[in-house]
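The values are calculated or read from the model by the stated rules, or taken from the named source; none is laboratory data. From a predicted model like this one, the values you see are computed outputs, not experimental measurements. Reconstructed Cβ throughout: ideal geometry from the backbone, glycine too, with neighbour counts over all protein chains shown. Surface accessibility is based on the protein's heavy atoms, side chains included, excluding ligands, DNA and RNA. Shrake-Rupley method; radii C 1.70, N 1.55, O 1.52, S 1.80 Å.
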Amino acid sequence: MDKIVDNVNQTDVPVSQARQLEALACLMGLFAQVKWRLRQALAEHGAAVPPPMSLRLLQLCVQNPGITPSGLVDLTGRDKAQVTRMLKSLMDEDYLERRDHPEDRRSHCLWPTRSAQTAVEVFAQAQATVAAQLFGPCSPAEIDALVGQWSRLGQPAAHPAACAGDGGAQSESATASGKS
């Protein structure tokens with residue numbers, strides 16, 4: 001049985017599996033709320049934009065112009081086939097342009113279009129709306145505590161990029177160049 005430290009008494013306290021499962025259920029419920037609220041905020045904006053996960057890929061492409069598809073796989077921790085399907089849809093809808101990689105003939109780079117910039121701005125507004133809904137009642141200290149806990153929990157040994165969602169495992173220079 002795992003133990004945690006009781007900060008008041010500085011003693012080890014056993015953590016029951018039932019409590020861990022309760023925490024997981026709360027977290028899964030929060031994920032569902034975030035997804036639902038993002039979809040609602042996007043619908044209220046009225047613009048026709050891709051779904052949230054595609055928007056997240058698009059956001060990464062806007063932040064890292066010229067990134068490769070494998071760079072996106074590394075940043076998101078998503079399956080290569082899933083990323084490829086979403087990218088195809090984004091290119092078909094003229095959100096992304098595919099260009100030859102300047103150094104590697106076997107690869108290509110992704111460049112956002114003006115439509116992508118607009119969609120990412122709408123997504124950023126939706127994210128801000130959801131963040132205000134979820135964290136508006138929280139004090140700055142509570143938000144700092146949440147971020148600290150989530151950052152610590154988001155560092156699994158098996159796949160660090162999966163939880164970070166924005167490339168904590170990849171160097172900034174590799175991300176900017178699109179290399180993985």
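Tabulated data
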item	result
Candidates per trypsin sites (Lys or Arg not before Pro) in the range 22-106, loop by DSSP, up to 10 other Cβ within 10 Å	R105, R106
Accessible surface, per residue, of the range 45-163 when the full set of protein chains is kept, probe 1.4 Å, Å²	59 Å²
If the convex hull is drawn through the Cα atoms of the range 5-116, its volume per residue in Å³	180 Å³
Of the GluC sites (Glu not before Pro) in the range 91-154, those whose Cβ has at most 13 other Cβ within 10 Å and which sit in DSSP loop	E103
Ranking by accessible area, most exposed first, for T118, T113 with a 1.4 Å probe	T118, T113
Two-site FRET efficiency, C26 against A128, from Cβ-Cβ distance with R₀ of 22 Å, rounded to 0.05	0.40
